[in-house]
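> What follows is a single structure, and I will ask about it in a moment.
The values are calculated or read from the model by the stated rules, or taken from the named source; none is laboratory data. In this text the structure is predicted, and so the values were computed from the model without any measurement. Ideal geometry is used to build each Cβ from the backbone, glycine not excepted, and the neighbour counts take in all protein chains shown. These accessible areas exclude ligands, DNA and RNA; they are computed on the full protein's heavy atoms, side chains included. Shrake-Rupley method; radii C 1.70, N 1.55, O 1.52, S 1.80 Å.
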Amino acid sequence: MLDGRLRIAVPNKGRLRTPALKLLEESGIDPIYDPGSRSLVTPTNLDDVYIVYARAEDIPGVVAAGAADLGITGHDLVMESGEDVEELLDLGFGRARLVVAVPESSGIKSMNDVPSGIRVATKFTRLTEEFFRGLGIDVEIVKISGAAEVMPILGAADAIVDVMSTGTTLALHGLRPIHTVLESSARLVGGPSRDSRRELVDWVVESLRSVILAKRRKLLLMNVPDENLKDVLSVLPAMSGPMVAKVQSEVPMWEVMAAVPLDEVPSLVVELRRRGARDIVALGLERLMP
C-alpha cells in the first residue's frame with residue numbers, strides 16, 4: 001500500500017509526540033485522522049507522505065530497517081540503539097540530559113566517589129556500560145523497563161542512569177544527579193530507504209529546517225531618519241545584511257528590515273531606539289530559508 005510513499009515515523013506516545021506532530025504540521029505535513037480508526041499508519045494532506053506511529057525507542061530500528069524513511073526520536077535513544085541511522089536535524093525540542101543519579105544519603109558527591117561493584121538501574125544499558133567502562137569502574141547493570149527512580153528506594157540499585165529534564169522527579173525520590181552522560185534533544189533521523197525518495201526527503205528536511213530557523217528569529221521593521229541610518233545599521237545584526245528602502249516622507253527617512261536572533265530582541269530594541277530608530281515592529285516568522 002505504501003510503495004513509493006515517504007514514511008515518517010513519529011512517537012506514538014510520550015513527551016516527543018505532541019511537539020513532533022506540531023512541527024510537522026507547521027512544516028506543511030498534516031496527518032489526516034480517522035476518529036474510528038486505531039491504525040498506526042496515517043495518511044497526511046500530502047498524497048506521497050504517510051505517518052507511521054511507533055515507540056520512540058523503536059524508531060531508530062524502524063528507520064534502519066527501511067520500514068520508515070525518516071523518523072523523529074531522541075538523540076539518547078538513537079545512541080542507545082546503536083542502529084545505522086543518520087541524524088539529519090536537531091529539531092530543538094525535547095531537550096534533556098542522561099544523568100547518573102544517586103541517593104542524597106549515599107555520600108557520593110561526584111564520579112570520583114563512585115566505587116566499583118555498585119548496582120546501576122537503567123533502560124540505557126548500552127550507554128551505561130560504555131560510560132562506566134570508559135571510567136574503569138565495574139558496575140552491575142540492573143536492566144529495567146519502567147521508572148528508574150524507585151529502584152534505590154526499593155533496594156534494587158545503588159544508583160540510576162536516566163533522562164532528566166528538570167530534576168524535579170529525581171528530587172522527589174531523594175536522588176541527586178552527579179554527572180551528565182549525554183545531552184539529548186529530538187532529532188530527525190534517516191535510513192537507507194530514503195535514497196530512493198531523495199527529492200521528497202530533501203523537501204521534508206528543508207521544510208522542517210525552515211520552520212526551526214524561523215522560531216529562533218524575529219523580523220524587525222523600523223523607520224530610521226537619514227542622519228541616524230549609519231548609527232542604526234552599525235548595531236543591527238542580520239543574516240546577509242538588513243534590507244533598506246527609501247520611505248516617502250516629508251523628511252529623509254529609511255525603512256529598515258532585518259531578521260534578528262530571538263534572544264537579542266529586547267536589548268536590541270532599546271539600543272535601536274536610543275540610536276534614532278522609530279516605529280519599531282517585531283514580527284514572528286513562519287519560515288526562514290538562508
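> Mind checking whether some residue in the range 226-247 is surrounded by fewer than 17 Cβ atoms within 10 Å (Cβ to Cβ) and under 30 Å from VAL99 (Cβ atoms)?
no
> Considering only residues that are outside any helix (DSSP H, G or I) and open to solvent by 50 Å² or more (accessible area, probe 1.4 Å), which ones fall in the range 3-28?
Looking only at the range 3-28, we keep the residues that are outside any helix (DSSP H, G or I), and these are 3-16, 27-28.
Once the filter is applied, which keeps residues that are outside any helix (DSSP H, G or I) and open to solvent by 50 Å² or more (accessible area, probe 1.4 Å), the range 3-28 yields ASP3, GLY4, ARG5, ASN12, LYS13, GLY14, ARG15.
> From ALA259, ALA245, ALA238, which residue is more than 28 Å from the chain's Cα centre (by Cα), outside any helix (DSSP H, G or I) and over 30 Å from ALA68 (Cβ atoms)? Reasoning before the result, please.
Values: ALA259 fails: more than 28 Å from the chain's Cα centre (by Cα); ALA238 fails: more than 28 Å from the chain's Cα centre (by Cα).
Testing whether each residue is more than 28 Å from the chain's Cα centre (by Cα), outside any helix (DSSP H, G or I) and over 30 Å from ALA68 (Cβ atoms) leaves just ALA245.
> Can you tell me which residues in the range 39-76 are aliphatic (A, V, I, L, M), over 16 Å from SER193 (Cβ atoms) and either open to solvent by 30 Å² or more (accessible area, probe 1.4 Å) or assigned to a loop (DSSP other than H, G, I, E, B) (or both)?
Matches in the range 39-76: LEU40, LEU46.
> Looking at ARG197, ARG287, ARG209, which one is open to solvent by 70 Å² or more (accessible area, probe 1.4 Å) and part of a helix (DSSP H, G or I)?
ARG209
> Continuing with this model, one more query. Can you tell me which residues in the range 120-141 are open to solvent by 60 Å² or more (accessible area, probe 1.4 Å) and under 26 Å from ASP58 (Cα atoms)?
Answer for the range 120-141, where residues must be open to solvent by 60 Å² or more (accessible area, probe 1.4 Å) and under 26 Å from ASP58 (Cα atoms): LYS123, ARG126, GLU129, GLU130, ARG133, GLU140.
> Identify, please: which residue in the range 212-230 is farther than 17 Å from ASP279 by Cα and not in a helix (DSSP H, G or I) and is, among those, farthest from the chain's Cα centre (by Cα)? Working first, answer last.
The first filter runs over the range 212-230 and keeps only residues farther than 17 Å from ASP279 by Cα, leaving 212-217, 230.
Within this subset, residues satisfying the condition of being not in a helix (DSSP H, G or I) are 216-217.
Working: ARG216: 13, ARG217: 16 Å.
Result: ARG217.
> Identify, by number, the condition in (1) assigned to a helix (DSSP H, G or I); (2) closer than 18 Å to ARG216 by Cβ; (3) open to solvent by 80 Å² or more (accessible area, probe 1.4 Å) that VAL265 doesn't meet.
(3)
> Residues to consider are ARG217, ARG275; find the one that is touching a Pro at 6+ places or on another chain (Cβ under 9 Å), modelled with pLDDT of 90 or more and not hydrophobic (A, V, I, L, M, F, W, C). Steps first, please.
Working: ARG275 fails: touching a Pro at 6+ places or on another chain (Cβ under 9 Å).
Result of the check over ARG217, ARG275: ARG217.
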